[in-house]
Amino acid sequence: MRTLILNKKSRANASASYRRPGRHTAALVLLLCVTGIGAFPAVAYADDDWSAPFQLLGRDTAPGTKNKFQFIDGQSFEASYLNSPVFVARGAKPGPTLCLAAGIHGDELNGVEVARRVFADLDVQKLRGTVIALPAINAEGVRTGNRYLSDRRDLNRAFPGNAGGSVASIIAHAVFTKVLNHCDALVDLHTASNNRANVPQIRADLSNPAIRELALHFGVGIVLHGAGPSGSLRDEAAKTGIPVIIYEAGEPLRFEEDEIARGREGVRNVMAYLDMTDTAIQKVSEDQVYQKSKWVRAPRGNGGFFFPARGLGDIIRKGDILGKVIDPLTDEVYEIASTLDGVVVGVAVPQPVLSGYGLFHLAWHDSI
């Protein structure tokens with residue numbers, strides 16, 4: 001049985017001399033748990049420390065309360081582009097700080113609603129610890145349905161940012177320096193990119209034991225190994241010692257109830273794993289963990305109208321026909337065959353495509 005980060009006995013018997021652990025301590029604690037190198041120390045929070053309001057971005061949130069405010073005060077011209085909502089729930093009892101990020105890509109709406117619903121559901125009188133949610137980091141993109149920022153840059157390639165850089169870099173720097181320094185764990189909420197759909201999945205650097213356990217205890221969907229691209233929130237936060245995972249599910253530009261419900265369940269599972277709630281702890285099985293994945297792309301010189309024959313979650317064998325591309329000018333048909341055994345974790349919707357366009361994202365088991 002896993003020893004919880006803050007078990008009930010530890011909370012009851014904690015000395016007032018203990019202080020809130022930093023994120024590097026939290027990562028070590030998770031690692032000790034995973035590897036079985038002894039039980040967690042009796043980490044707790046001093047009563048006088050926890051009774052003080054939690055301070056974030058100049059706002060106070062008292063224990064047992066919720067707070068909503070804007071990242072930037074004021075009504076300036078630039079604030080309308082840079083501002084985003086910040087939600088803080090401070091539990092009545094001490095515990096870790098879980099951060100939720102969503103809307104980094106403004107067209108990825110499922111994650112925005114996952115963050116909102118999780119926050120709305122929180123009972124702060126029963127909550128141990130703090131939840132910080134940034135449900136629409138690219139707020140202007142969420143309002144307008146644009147994936148990127150007003151400066152046409154991808155925010156998820158701009159971290160950790162620069163206070164003297166572009167709009168994307170300024171936002172990334174503000175999030176990184178003013179919010180992430182409070183996080184003991186982070187869940188970044190996404191969907192597939194434009195004109196594609198993803199099966200519910202967690203993406204995580206499985207070579208990191210603390211991150212691996214966080215990914216498995218999301219308890220929903222499949223788990224894909226990967227550190228993430230340079231400049232992404234996931235990669236840059238992990239470099240600072242924060243256990244961080246991404247939840248990807250569904251299509252952009254729409255709210256999908258099933259994928260939202262799964263995401264909300266997964267975040268609840270993470271909270272249970274971190275001992276922030278008393279709900280049952282869920283964990284995905286090892287056969288749902290995939291160490292390798294690749295995109296099957298439209299072959300060079302074979303653009304046209306794409307029609308998939310296989311869908312999300314389908315088990316694929318080498319040689320199976322995944323779909324076809326039809327040249328509408330010549331009526332020539334090019335069949336897309338799989339070159340490996342695996343499972344479909346992402347697929348493009350039927351659409352016109354050109355050479356090199358990603359059509360099917362396939363994952364398979366392998367050792368890291």
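Every number here is computed from the coordinates shown, using simple stated rules; none is lab data. This is a predicted model, so every value here is computed, not measured. Please note: Cβ atoms are built from the backbone with ideal geometry, for glycine as well, and neighbour counts cover all protein chains shown.
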**OP:** Identify all aspartates and glutamates with a Cα-Cα distance to Lys294 below 17 Å; exclude those on the same chain that are fewer than 8 residues away in sequence.
**Re:** Asp205, Glu248, Asp314, Asp320, Asp341, Asp366
Original post:
Which three lengths, in whole Å and largest first, does the stretch 223-352 cover when its Cα atoms are put on their principal axes?
Top reply: 61, 31, 31
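Once R0 is set to 41 Å, what does the formula 1/(1 + (r/R0)^6) return for the Cβ-Cβ distance between Trp364 and Asp73, expressed as a FRET efficiency to the nearest 0.05?
Working: r = 50 Å, r/R0 = 1.21.
Computed FRET efficiency for Trp364 and Asp73 comes out at 0.25.
List, in the order given, every pair from Lys239/Lys318; Lys126/Lys178; Lys93/Lys283; Lys68/Lys126 whose Cα-Cα distance in the structure shown is over 29 Å.
Details: Lys239/Lys318 37 Å; Lys126/Lys178 27 Å; Lys93/Lys283 25 Å; Lys68/Lys126 19 Å.
Over 29 Å apart, Cα to Cα: Lys239/Lys318.
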Subject >> Karplus-derived 3J(HN,Hα), 6.51/-1.76/1.60, for each residue of the stretch 304-315, Hz, glycine and proline x >> reply: x, 8, 9, 10, x, 10, 10, x, 4, x, 5, 7
Original post:
In Å, the Kirkwood hydrodynamic radius of the stretch 81-221 over pairs of distinct alpha carbons?
Top reply: 15.8 Å
**OP:** Could you work out how far the C-alpha centroid of the stretch 264-287 sits from that of the stretch 66-124, in angstrom?
**Re:** 21 Å
Original post:
Which aspartates and glutamates have a Cα lying under 12 Å from the Cα of Lys66, excluding residues fewer than 8 positions away in the same chain?
Top reply: Asp121, Asp123
Original post:
Angle, helix 23-35 long axis vs. longest principal axis of the chain, Cα atoms, 0 to 90°, nearest 10?
Top reply: 70 degrees
Original post:
Between Phe305, Phe218, Phe87, which gets the highest mean-square fluctuation from a Gaussian network model of the chain, Cα cutoff 10 Å?
Top reply: Phe305
**OP:** Take the Cα pairs of the stretch 291-364, get the Kirkwood Rh, then feed it into Stokes-Einstein at 37 °C and 0.692 mPa s and tell me D in µm²/s.
**Re:** 271 µm²/s
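In square nanometres and to one decimal, what's the mean projected area of the convex hull around the Cα atoms of the stretch 210-295? Walk me through the intermediate numbers first.
On the way: hull surface 27.3 nm².
Average of the hull's projected areas for the stretch 210-295 equals 6.8 nm².
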**OP:** Would you mind listing how long the chain runs along its three principal axes, going by Cα atoms, in whole Å with the largest first?
**Re:** 77, 53, 33
